[in-house]
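What follows is a set of notes on a single structure, which appears directly below.
The values are calculated or read from the model by the stated rules, or taken from the named source; none is laboratory data. Note that the coordinates shown come from a computational prediction; the quantities given were computed from them, not determined experimentally. Using ideal geometry, Cβ is built from the backbone for each residue, glycine included, and neighbour counts are taken over all protein chains shown. Accessible surface is based on the protein model in full, side chains and every heavy atom, while ligands, DNA and RNA are left aside. Shrake-Rupley method; radii C 1.70, N 1.55, O 1.52, S 1.80 Å.
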Amino acid sequence: MWKHLTSCQCIYCELRKRSPAEYSRDMPGEIDRWPRLLSNLINLTSTLVILVLKELSQSKFRSRKSKKERDDQPWPLGPQDPLPFGTDSIAGLSLWAAGNWGFEAIMYQLATGLVMFYPPFGKTLLQVEAAGFTVLVSVRQVEYTLRRFNDRKANSTLSSQDAKDFERQIKTILAFYEVLIDCDRQQVSAFFVGHAWITPVFESLANALSTLPPLAWSDQKLVIKLILAHTKAKLNPATRVGRVVFDRRELEKDIPDYDEADSAFNTIINTKKGGCCNIRCTAEVEGYTPSCSQCTLVRYCQKGCQREAWRHPQAPHKHLCAKIHTLKQQLGADTWTYLWHPDYSYENLKGIIDEKSVDNKLLEEIGKELGLVRGLKMFYGFGGNMFRKLFLVVDRGT
């Protein structure tokens, strides 16, 4: 089914290229049946793929079973499974995402899950050949979703379900942008810098969100401001380099007031998913990274990286490892295992913290130290010098 989804060009799939009005005209009486059936099938298939990927550590594919037939093998066995047709798979997803039938957002949720599980897929999405899916179709979906929301709001026909659909689709696409920024900040900048046609779409979105509850949209407002800063950048005609200007005071208006324990929980979950935590490691790791044998949380791409991180002067893993070990003991082995289940949330953990008198400050400290590692790693990833990159960041807030 997954291969079919990424390649199908059959007659029924033609509906993804048409508007509901066109489909109703050409196939009268079928408007309710086929779109609803196809939408449910696509959403179900995509949701199952997302759930499978969430249960796996980053880039850790399943092992082949020697005694099982090809169709009975576990999924995924390698990069060819989530991307059965390479870059052509993205073209298939782009066609599904370009319609207005109700399954467009799940395509970007699916792409986000694929990038989080297998970061090289993010690099593929940031190639010029994938710009249609990554930028053009996603921005058009934001524009369509926003226009429908504003029209129904103006006509006083906006239902609670319409509001939920708007929130789901907009947050899904902005989350997709965020995960790509984590994957390759420089290339994401190249996709948005100087593209003035995107500016009015996100300015309209910012205006619409200004009328909605601020706490529910604080993260998204920040992403929108970052995108607008890039699209408004002026390109030097000779060098094609853009100058991106950030006003820190303006950005800080939308920095959310985080629950530190909740933030720490999410940082721990993301750390477990993979990626080398040696601050100075700039290698592009495509495979599975083993975890520290003592804390079983922090991962390194090789023994050398683990040894270097153990006594790092700014963020030594030696001290962090002991704190994580203490937290594991307080939570208990069963709870520690449950943390990695895709449906487990901070709300579940809060009850355990109260029940077992877990040190909440310890959880927050671990989250902050893991966040420090991520921040320092990003700094070293830029070579310690932002001015070598594609764009220049000017902070007018100091």
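Odds and ends about this structure:
- Of residues in the range 300-344 being out of contact with any helix residue (DSSP H, G or I) (no Cβ under 8 Å at 6 or more places or on another chain) and among the small types (G, A, S), the one nearest to E369 (Cα to Cα): A322
- Scanning the range 167-181 for residues that are in contact (Cβ under 8 Å) with a residue 60 or more places away in the chain and among the charged types (D, E, K, R) yields a single hit, R168.
- One residue from G275, G332 being of a type outside the set (D, E, K, R) and closer than 25 Å to F117 by Cβ: G275
- Tally of residues being part of a loop (DSSP other than H, G, I, E, B), surrounded by 15 or more Cβ atoms within 10 Å (Cβ to Cβ) and not small (G, A, S) across the range 191-220: 2
- In the range 136-149, the residues that are farther than 11 Å from Q169 by Cβ form Cβ pairs under 7 Å with partners that are not in a helix (DSSP H, G or I), at six or more places apart or across chains, as follows: V137/A98.
- The residues on offer are A322, A309, A283, and the sole one that is open to solvent by 40 Å² or more (accessible area, probe 1.4 Å), at pLDDT 90 or above, of a type in the set (A, V, I, L, M) and over 19 Å from the mean Cα position of the chain (by Cα) is A322.
- Breaking point among (1) in contact (Cβ under 8 Å) with a residue 40 or more places away in the chain; (2) of a type outside the set (D, E); (3) surrounded by fewer than 16 Cβ atoms within 10 Å (Cβ to Cβ), for A315: (3)
- Against the criterion of being part of a helix (DSSP H, G or I) and surrounded by 18 or more Cβ atoms within 10 Å (Cβ to Cβ), L297 does not qualify.
- Any hit, the range 117-130, residues being modelled with pLDDT under 90, open to solvent by 10 Å² or more (accessible area, probe 1.4 Å), over 18 Å from the mean Cα position of the chain (by Cα) and not basic (K, R): yes
- Any hit, the range 66-74, residues being among the charged types (D, E, K, R), under 20 Å from the mean Cα position of the chain (by Cα) and at pLDDT 80 or above: no
- Filter pass, F166 being in contact with a Lys or Arg (Cβ under 9 Å, 6 or more places away or on another chain) and either crowded, with 17+ Cβ neighbours inside 10 Å or assigned to a helix (DSSP H, G or I) (or both): yes
- Single residue of T271, T282 found to be hydroxyl-bearing (S, T, Y) and either closer than 20 Å to K123 by Cβ or not in a helix (DSSP H, G or I) (or both): T282
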